[in-house]
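Presented below is the structure to which this report refers.
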Amino acid sequence: MPERIYNFSAGPSTLPEEVLSQAAKDIVNFNNRGMGLIEMSHRSKDFIAVVDEAEANLRELMGIPANYKVLFLQGGASTQFAMIPMNLLGSGKSAAYLNTGVWAKKAIKEARLFGDIQVPYSSEESNFDHVPKDGDYTVDPAAEYLYFVTNNTIYGTQFPAMPKSGKMLISDMSSDILSREFDITPFGLVYAGAQKNMGPAGVTVVIIREDLLDRTPANVPTMLRYKTHADNGSMFNTPPCFAIYVVGLVLKWLKKLGGVAAMEKINREKAAILYQAIDSTDYYRGHAKAGSRSLMNVTFNLPTPELEAQFIKEATAQGLDGLKGHRSIGGCRASIYNAFPKAGVETLVAFMKEFEKKNGGHSHGDTPPHHIPTGQR
Ligand SMILES: *Cc1c(COP(=O)(O)O)cnc(C)c1O
């Protein structure tokens, strides 16, 4: 087996090899200080420079205006499910949430602990195979914000454009942050767990509009108040030093590559290669509906669950790892985040063609009886 294989894992996921090599060196001896990055005080000049540079690069890459704060927090994306409504909904206030998958549902459940949560749209009946278009739902004028998940990691769906509702937007971008350009100004808050598209697990990036920092009700604990972290440059307590540092390396890598616009172009190319392979045969069936297809997670089924198991097993043996779909929908999922190389997508497509040929492939137009994915039974 080659030293590094193609890793299609949905998260934690593949990182640029040059980032890993650099991190491996710095973990032993950082900046020639005779000690490793993870052994250093978070108040040291060297580490403060790491945080400052990561923030500056993120601001530059995403075009984040000065009236937004960038926070490096712990607790994963899942802590934000509660922290957002806890900070932004006072008693008697309401918010609207779009239910496009498990991560949205979990956020809705937590938000209901803090306010009146309306769900003007849900794609649950069709096993979350699409996201809504503007006009498919109406947001109550009284809602404080509209919450949605830009990319639904499990189902392989993604909002092709950000909703235009006139409401302040809040979004979980855990699985597609930095993958494409967008205008942050309609957003009050954007967040992402780092482990899909930005770095290792352990840090959650929160980008929050400054004026929202003063909305937090008085009974919210210190560590769960955005203002605590904003006022202290994410250093109120010991931050996740190593994770922030690796995120910083990934941001430098992304800048060198040409930034988000250049990355988006590559992401579109990679996804197109894979969707074209799926569309060119009836042997493979995409889960996500056209118009909702994700550039990051490509979900598909084979004619039977037995063939899917065989496909995953043989792919793994050939160094194509992590293709098993999430247990809630079964089938296959190829996560092709920013750091996933185009050559890996081409290798997968070649494997798919070969597998179809060997295992009773049907030519285009010939419709085999297709099994119903587990989640839809
Ligand atoms: C993975 C994922 C999460 C959960 O992240 P944790 O850091 O494990 O809490 C939340 N939202 C989305 C969209 C995800 O892909």
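The values are calculated or read from the model by the stated rules, or taken from the named source; none is laboratory data. In this text, all values refer to a predicted model and were calculated from it rather than measured experimentally. Every residue, glycine among them, receives a Cβ derived from its backbone with ideal geometry; neighbour counts consider all protein chains shown. Just so you know, the surface numbers come from the protein's heavy atoms only, side chains and all, with ligands and any DNA or RNA stripped out. Shrake-Rupley method; radii C 1.70, N 1.55, O 1.52, S 1.80 Å.
What does the extension gain come out to for residue 310 and residue 25, with contour length at 0.36 nm per residue minus their alpha carbon separation?
98.7 nm
Checking the a/c ratio against 1.5 first, then a/b against b/c, what shape does the Cα gyration tensor give for the chain?
Verdict is oblate for the chain.
Kindly report, to the nearest 10 Å², the accessible surface of residue 112 as traced by a 1.4 Å probe over protein heavy atoms only.
Its heavy atoms expose roughly 130 Å² to the probe.
Return the loop-located GluC sites (Glu not before Pro) in region 164-268 (DSSP other than H, G, I, E, B) with at most 16 other Cβ atoms within 10 Å of their own Cβ; answer none if there are none.
Answer by residue number: 181.
Taking the simple approach of a point 7 Å from Cα along Cα-to-Cβ for both residue 359 and residue 48, what is their distance in nm?
Rounded to a tenth, the inter-label distance reads 5.7 nm.
How much length would be gained if the chain were fully extended between residue 4 and residue 35, taking 0.36 nm per residue of separation minus their Cα-Cα distance, in nm to one decimal?
Contour length minus Cα-Cα distance gives 8.4 nm.
Quick one: which residues, 5 or more positions from residue 154 or on another chain, have an amide H under 5 Å from its amide H? H modelled 1.01 Å from N in the peptide plane, none for Pro or chain starts.
Placed amide hydrogens put nothing under 5 Å from residue 154.
Considering only the other residues whose Cβ falls under 15 Å of the Cβ of residue 49, what net charge follows from Lys and Arg at +1 and Asp and Glu at -1?
Here the count lands on -1.
What are the ³J(HN,Hα) values, in whole Hz, obtained from phi via the Karplus relation 6.51 cos²θ - 1.76 cosθ + 1.60 with θ = phi - 60°, for each residue of region 191-205 in sequence order, with x given for Gly and Pro?
9, 7, x, 6, 6, 9, 10, 10, x, x, 5, x, 10, 10, 8
For region 44-125, report the accessible area per residue in Å² (1.4 Å probe, heavy atoms, rounded to an integer).
Per-residue accessible area for region 44-125 comes out at 41 Å².
Under 1.5 on a/c is rounded, so check that first for region 117-236, then, if it is not, pick prolate when a/b is larger than b/c and oblate when it is not; a ≥ b ≥ c are the square roots of the alpha carbon gyration tensor eigenvalues.
It comes out oblate by the Cα gyration axes.
Name the helices (complete DSSP H segments) of the chain with a Cα length along the long axis of 15 Å or more and a Kyte-Doolittle mean of at least 1.0, or state none.
241-257
What is the set of long-range amide H partners of residue 6 at a cut-off below 5 Å, with H atoms built 1.01 Å from backbone N?
The answer is 321.
List every residue whose amide H lies under 5 Å from the amide H of residue 335, counting only residues 5 or more places away in sequence or on a different chain, with H placed 1.01 Å from N in the peptide plane.
298
So what's the gap between the Cα centers of region 145-186 and region 81-124, to the nearest angstrom?
15
Taking the alpha carbon gyration tensor of region 31-97, what are the square roots of 5 times its eigenvalues, largest first, to the nearest whole Å?
Over the Cα atoms of region 31-97, the ellipsoid semi-axes are 33, 17, 10 Å.
Using alpha-carbon positions, what is the distance between the centroids of region 128-144 and region 53-76, in Å?
28
For region 150-156, just list the computed ³J(HN,Hα) in residue order, Karplus coefficients 6.51, -1.76 and 1.60, θ = phi - 60°, integers in Hz, with x standing in for Gly and Pro.
4, 10, 8, 3, 6, 9, x
Using +1 at the C-beta of Lys and Arg and -1 at the C-beta of Asp and Glu, which of 301, 311, 338 has the Cα lying farthest in the positive direction of the dipole of region 258-359?
The one lying farthest along the dipole's positive direction is 338.
Using a 1.4 angstrom probe and counting only protein chains, how large is the accessible area of residue 326 in Å², to 10?
So the heavy atoms of residue 326 present about 40 Å² to solvent.
If you take the beta carbon distance between residue 256 and residue 232 as r and set R0 to 22 Å, what does 1/(1 + (r/R0)^6) give as a FRET efficiency, to the nearest 0.05?
It comes to 0.10.
Put +1 on the Cβ of every Lys and Arg and -1 on every Asp and Glu Cβ in the chain; which of 207, 99, 260 then has its Cα farthest towards the positive end of the dipole?
207
At residue 125 and residue 185, where each label point lies 7 Å from the Cα along Cα→Cβ, what is the point-to-point distance in nanometres?
3.9
Ranked by accessible surface with a 1.4 Å probe, highest first, in what order do 307, 20, 189 come?
From most accessible down to least: 20, 307, 189.
Mind giving me the nanometre distance, one decimal, between the label points for residue 273 and residue 214, set 7 Å out from Cα along Cα→Cβ?
Modelled inter-label distance: 5.2 nm.
Could you give the dipole magnitude of region 39-111 about its Cα centre, charging the beta-carbon of Lys and Arg +1 and that of Asp and Glu -1, in debye to the nearest 20?
So the dipole magnitude of region 39-111 works out to roughly 480 debye.
Measure out, as a whole number of angstrom, how far apart the alpha-carbon centroids of region 216-240 and region 306-329 sit.
About 42 Å separates the Cα centre of region 216-240 from the one of region 306-329.
Are there any GluC sites (Glu not before Pro) in region 1-109 that are in a DSSP loop and have at most 10 other Cβ atoms within 10 Å? List them by number.
3
Name the shape class, rounded, prolate or oblate, that the alpha-carbon gyration tensor gives for region 283-368, where a ≥ b ≥ c are the square roots of its eigenvalues, rounded holds for a/c under 1.5, and otherwise prolate holds if a/b is larger than b/c and oblate otherwise.
In terms of gyration-tensor shape, rounded.
Under unit Cβ charges (Lys, Arg +1; Asp, Glu -1), what dipole magnitude, rounded to 20 debye, does region 18-257 have relative to its Cα centre?
380
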